[in-house]
Every structure is written in structure tokens, then in C-alpha cells.
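Reviewing the structure listed below.
The values are calculated or read from the model by the stated rules, or taken from the named source; none is laboratory data. Since we're looking at a predicted model, the values are computed, not measured. Positions of Cβ are backbone-derived with ideal geometry, glycine not excepted, and every protein chain shown enters the neighbour counts. Each accessible area value is taken on the protein alone, full model and side chains, heavy atoms only, with ligands, DNA and RNA left out. Shrake-Rupley method; radii C 1.70, N 1.55, O 1.52, S 1.80 Å.
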Amino acid sequence: MKTNKLITIGACAVFAITGFTGLTLPTASAEEMKMEEKMVMPETVDGIMDAIHKAHGELADVVKSKKLEDVHHKAFAIRDLANTLPVKVAADKKARVEGSVKNIAKLAEDLDKTGDDKDQAATESNLKKLDGVLMILMKQVK
């Protein structure tokens, strides 16, 4: 009995010292890590808008080709780029841009869900909504 207690105490001490929990935490896939590494945030409003335009074209291509498993990467890239805009626009435009950025974030979530659900029609509908918000955003930042 004493031997079992000593082994248990010893094992607990080793685990405590080494930080071993026996659990593995989920990590990003190699593809997700590559995408994050490639995404460099532009410094200017024009640069951000150009990057959004490019990512939007890629998203449209993904939806058109029915590769819905890739929708979330493109939608979240647009969201992340848009999130950098409010601090870069003139003070008189900031509130409107922030509203559009919130709409983009919501649509990115919606696109992620419909893409994961393999719902082509709903994904196309959400893409059209995003098209409209991005047109508004383009006017707001000019």
C-alpha cells in the first residue's frame, strides 16, 4: 500500500514539475498556419482595401467552384483586414466604417456556418450580402 502511495505521489510531483497534463490541445493545421503567415496587414487604407478586394475575389471563386470547405478562410481574411480600417480612417468616417466592419464580421460568421454546412444557396446569398457591405465600405473610406 505504501509503495502505491509513493508511486502516485512521485508521479504527481513529476507531472507538476514538468507541466504534463496528459491532454493535448488542438492546434492550427499546417494550412491554417501558412495562411496566417502569408497574411501581412497593409499599412494604408488603400492597401487594406486592395487586399480586401483580392480576398473577396478569391472568396467568390471558392463559392463559384463549390469548394465550400475553404469559405471560412477567405471570409475571415476579409474580416481581419476590415478590422484594421477604423483606426486608419479620418475621425469623421470612423463610426460608419465601424458599423460596416461589424456587418462584415457577422457575414463572415454566416459564411463560415453555411460553408461548413455545405449549403451552396445560403453561401451564395451571404456572399451577395457581403458584396453589398463591401460596396458601402468602399464609399465610406474614400
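Counted by Cβ distance under 12 Å from Thr44, the other residues give a net charge of -2, where Lys and Arg count +1 and Asp and Glu count -1. A simple count of charges around Val71, restricted to other residues whose Cβ falls under 9 Å of its Cβ and scoring Lys, Arg +1 and Asp, Glu -1, yields -2. Length gained on full extension, Asp61 to Glu43: 3.9 nm, using 0.36 nm per residue less the C-alpha separation.
With each label modelled as a point 7 angstrom along the Cα→C-beta vector, the Val87-Asp117 pair spans 3.5 nm. Seen from Ser125, the other residues with C-beta closer than 15 Å to its C-beta sum to a net charge of 0, counting Lys and Arg as +1 and Asp and Glu as -1. Taking all protein chains into account, the per residue accessible area for the range 77-142 stands at 55 Å² (1.4 Å probe). Hey, which of these cross-link pairs are over 22 Å Cα-Cα: Lys54/Lys139; Lys74/Lys142; Lys74/Lys129; Lys93/Lys139; Lys66/Lys128; Lys74/Lys113? Too far apart for the 22 Å limit: Lys74/Lys142. Taking 11 Å as the cut-off, the amide N atoms of the range 57-98 that come nearer than this to a point 7 Å along the Cα-to-beta-carbon line of Asp131 belong to 60. Remark: accessible surface ordering of His53, His72 (largest first) is His53, His72, probe radius 1.4 Å. A straight line joining the Cα centroids of the range 55-87 and the range 95-142 runs 9 Å. Inter-label distance, Glu109 to Met138: 2.7 nm, where each label sits 7 Å from its Cα along the C-beta direction.
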